[in-house]
Amino acid sequence: MPRRARILARAAQLRAYFEEVGARPVETPVLQPAETLLDLYGEDIRGRAYMTSDALRGELMLRPDFTVPVVQMHMAHGADPARYTYSGEVFRRQEHDPDRDNEYIQVGYEVFDRTDPAAADAEVFTLIAGTLSGLHLRASTGDIGILMAAVAGLETTEARKSALMRHIWRPRRFRALLDRYSGRAPMPATRTALLAAADPMAEAGPQIGLRSRADIEARIEALRFDVAAPKISEREMTALEILLAVRETLPFALERLRDVAVDLPQITPALDRLEARIGALAARGVEVETLEFEASYGRTSMEYYDGFVFGFYAATRADLPPVATGGRYDALTRALGDGTEIPAVGGVLRPGVMLTLEEAAR
């Protein structure tokens, strides 16, 4: 059987399995309106997705994943609670790694349920783990919600916290902002000169572009306000650094993070949710004492997740993408729900990578 046919057959098996445990099969168009994805993730997504256009429908994007269209479908028409499964092609530009597929089959399982988020997290994780038994994978988990809670409670301006929230998924930029807001990094000389000038616009030359003079002056005033704001304290900076460095098995990670909460008490509710999740995973037979937790996990590729995140990897094949990934995305339902929201968590599998590993083991 040709390889693509075998991948499609495996995808059908996985989807059938999720249907057996109660998921409703759904389909989404391959061409998605670009406006929604651009609103959610900004212009950066153009570098990762295939764009096209239509005289009637405007800018379109080849489906980069299923989660956003499934959430849109559920928020418009779905029952509460609901479980969905799907399979089909997704498309990702690969400008830096020619060996990575830019088109591949994805199978997913999504849960929308208000009853018990910790139990739903454990349900998704264990069902996906069950489909991967025998592949000898390494599982990693994390929780983006803990870092979000830490940022939301910092003793600094709302503008600074908003900027840090936008860049949580860009670790270098996030760190650069922290260093600037704490005074550890000096302000760029060009900005210092701009703000020191009595009239920053005096030698600006002719005005071009879309921004008005009032917009530019408002931005300069915002920069002056930021410079005058108190620095993020060394106490908070040290606690953030400890938080971001946590990488332990789940029980020890929770213990370490409880210590961090002494200086960042705003993370305590997120830690309570982590503790409930550990209990729910253990109740489903997961050996939580050996399950890896990394506080920074998921910060480079999982932009819509805002809580639990996980992935399964081939420990001996660093060249391969993750076999499965997933997590919680409550905020995404809020963004697409037109005034409503619902706790939601899901995960996706790559049957092509599963077959690659099985072939290598023969």
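Quick check, is L244 over 23 Å from T157 (Cβ atoms), of a type outside the set (F, W, Y) and buried (at least 18 other Cβ atoms within 10 Å of the Cβ)?
Taking the combined requirement at face value, the residue does not satisfy it.
Scanning region 300-331 for residues that are over 10 Å from the mean Cα position of the chain (by Cα) and closer than 22 Å to G42 by Cα, which turns out modelled with the lowest pLDDT?
Within region 300-331, the match that is modelled with the lowest pLDDT is A331.
Among the numbered criteria (1) polar (S, T, N, Q); (2) touching a residue at least 40 places away in the same chain (Cβ under 8 Å); (3) closer than 28 Å to A361 by Cβ, which one does Q94 miss?
(2)
Quick check: is even one residue across region 248-266 more than 17 Å from A139 (Cα to Cα), surrounded by 15 or more Cβ atoms within 10 Å (Cβ to Cβ) and within 18 Å of the chain's Cα centre (by Cα)?
Looking through region 248-266, none of the residues is more than 17 Å from A139 (Cα to Cα), surrounded by 15 or more Cβ atoms within 10 Å (Cβ to Cβ) and within 18 Å of the chain's Cα centre (by Cα).
Keeping to region 313-347, report how many residues are aliphatic (A, V, I, L, M), open to solvent by 20 Å² or more (accessible area, probe 1.4 Å) and under 27 Å from A5 (Cβ atoms).
Residues that pass the stated criteria total 1.
Quick check on region 63-73. Is at least one of its residues within 23 Å of V26 (Cβ to Cβ), touching a helix residue (DSSP H, G or I) at 6+ places or on another chain (Cβ under 9 Å) and of a type in the set (F, W, Y)?
Taking every residue of region 63-73 in turn, none turns out to be within 23 Å of V26 (Cβ to Cβ), touching a helix residue (DSSP H, G or I) at 6+ places or on another chain (Cβ under 9 Å) and of a type in the set (F, W, Y).
Of the residues that make up region 279-291, is at least one touching a Pro at 6+ places or on another chain (Cβ under 8 Å) and of a type in the set (G, A, S)?
Checking region 279-291: not a single residue is touching a Pro at 6+ places or on another chain (Cβ under 8 Å) and of a type in the set (G, A, S).
Output the residue which, of all residues in region 85-113 that are open to solvent by 20 Å² or more (accessible area, probe 1.4 Å) and among the polar types (S, T, N, Q), is modelled with the highest pLDDT.
Ranking the qualifying residues of region 85-113, first place goes to S87.
The values are calculated or read from the model by the stated rules, or taken from the named source; none is laboratory data. Please read all numbers here as calculations on a predicted model, not as lab measurements. Here Cβ is always computed from backbone atoms with ideal geometry, including for glycine, and neighbour counts include all displayed protein chains. All accessible areas refer to the heavy atoms of the entire protein, side chains included, with ligands and DNA or RNA removed. Shrake-Rupley method; radii C 1.70, N 1.55, O 1.52, S 1.80 Å.
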